[in-house]
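Asks: Below is the structure I would like to discuss, written out as structure tokens.
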Amino acid sequence: MQWIDRGNHVEMMLPEAFNYRECLVFLGRSELEQLHHIHDQYLMKLVDTSEEEVLLKISSWNNSLIIEFPFGKPSDRSKDDVAHYIYDWFDLKRDLTDFYKMASEDVILQLLAKKYYGLRIIGIPDLFEAITWAIMGQQINLKFAYTLKKRLIENFGEKREYENTSYWHYPSPEKIANLNTDDLRKLQFTSRKAEYVIGAAKEMASGRLSKKWLMELQDPVKQHQFLLSIKGVGPWTADYVMMKCLLETTAFPVADAGLHNAIKKHLNLAAKPNQDEIIELAKNWSGWEAYATFYLWRSLYE
């Protein structure tokens, strides 16, 4: 991880295979998003570090990310926390050489890898946000999932104002753990989704579940199995969380509707492929299933 403290801003060195514009396309896919804003190629996000609250103003220049701090200069520890956060958010530690080599020989990914070269998985570093966002997205379209997320944030998150824009923190597990299902049903959550979101909050608030503990397991099979033990987390949700929060490249949400639609589109199929057909098509993706899925998702935002 390479970054330079420039005093009033931080400069982060980028790997060669990084495309800031492509990352912004993914981050800007919904006007309902509350947790970051894009203004004239600046990406704005409010984060909590171990010492303080920091508003980030991120831009790209000369193969670097420039991170400015509109609320004022943060502590050295906070700058280090911010650098680690951004490396996770954009999966910057990943060497994509082998992915692009594989993709160059794959009938589905060959053109996508060239077209979106430098796109990286945009992670969700916060485990509670990742799990609850995945639960909210179960069996509904993306727009309504964003609507539920927006309502959850605006009702139970915390915001700060800067230059006539609201910047939000995602609700904490502790706050959501103290709700009852009716609190979420008022926001149009189904009874089951309300139960699952509150249940996940209780698991995290009690300490029975944490990102640190999952990462220490190291074994993706064990991580997957543990996530499946959480009520409301099925195979798709577990794979999504591993892909987006743990940045596990072998995670493969094979039941994902967007993945099915993208494969149908690129192979000009008359109908969406079933899961067995997708698993067969994906044999060449071994070790990079998450990136293959992410590039296919990106192809839907044209």
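Asks: Within the range 33-85, which residues are within 21 Å of residue 124 (Cα to Cα), among the hydrophobic types (A, V, I, L, M, F, W, C) and without any contact (Cβ under 8 Å) to a residue 60 or more places away in the chain?
Replies: 38, 43, 47, 54, 56, 58, 65, 66, 67
Asks: For the condition over 20 Å from residue 16 (Cβ atoms), touching a Leu at 6+ places or on another chain (Cβ under 8 Å) and open to solvent by 50 Å² or more (accessible area, probe 1.4 Å), what is the one hit in 57, 73?
Replies: Exactly one of 57, 73 is over 20 Å from residue 16 (Cβ atoms), touching a Leu at 6+ places or on another chain (Cβ under 8 Å) and open to solvent by 50 Å² or more (accessible area, probe 1.4 Å), namely 57.
Asks: When you go through 195, 174 one by one, which is the residue that is in contact with a Ser or Thr (Cβ under 6 Å, 6 or more places away or on another chain) and open to solvent by 30 Å² or more (accessible area, probe 1.4 Å)?
Replies: Unique residue meeting the criteria: 195.
Asks: Of all the residues that make up the range 198-221, how many are open to solvent by less than 80 Å² (accessible area, probe 1.4 Å) and either over 15 Å from residue 175 (Cβ atoms) or touching a residue at least 40 places away in the same chain (Cβ under 8 Å) (or both)?
Replies: The qualifying residues number 11.
Asks: Then there's this: How many residues does the range 155-165 contain that are surrounded by 13 or more Cβ atoms within 10 Å (Cβ to Cβ) and out of contact with any Ser or Thr (no Cβ under 9 Å at 6 or more places or on another chain)?
Replies: 2
Asks: Scan the range 231-250 for residues that are open to solvent by 10 Å² or more (accessible area, probe 1.4 Å) and assigned to a loop (DSSP other than H, G, I, E, B) and jot them down.
Replies: Hits for the range 231-250 are 231, 232, 233, 234, 246, 247, 248, 249, 250.
Asks: Considering only residues of the range 16-59 that are aromatic (Phe, Trp, Tyr) and closer than 30 Å to residue 98 by Cα, which is modelled with the lowest pLDDT?
Replies: This residue is 26.
Asks: Give the number of residues within the range 251-302 that are assigned to a helix (DSSP H, G or I) and either surrounded by 15 or more Cβ atoms within 10 Å (Cβ to Cβ) or not basic (Lys, Arg) (or both).
Replies: Qualifying residue count, the range 251-302: 28.
So that you can scan it fast, the table gives a plain yes or no per residue for (1) closer than 24 Å to residue 228 by Cβ; (2) part of a helix (DSSP H, G or I); (3) modelled with pLDDT under 95:
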| site | (1), (2), (3) |
| --- | --- |
| 95 | no, no, no |
| 102 | no, yes, no |
| 113 | no, yes, no |
| 117 | no, no, no |
| 124 | yes, no, no |
| 131 | yes, yes, no |
| 134 | yes, yes, no |
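The values are calculated or read from the model by the stated rules, or taken from the named source; none is laboratory data. Model, not experiment: these values are computed from the prediction. Positions of Cβ are backbone-derived with ideal geometry, glycine not excepted, and every protein chain shown enters the neighbour counts. We work out accessible area using only protein heavy atoms, side chains counted, and drop any ligands, DNA or RNA first. Shrake-Rupley method; radii C 1.70, N 1.55, O 1.52, S 1.80 Å.
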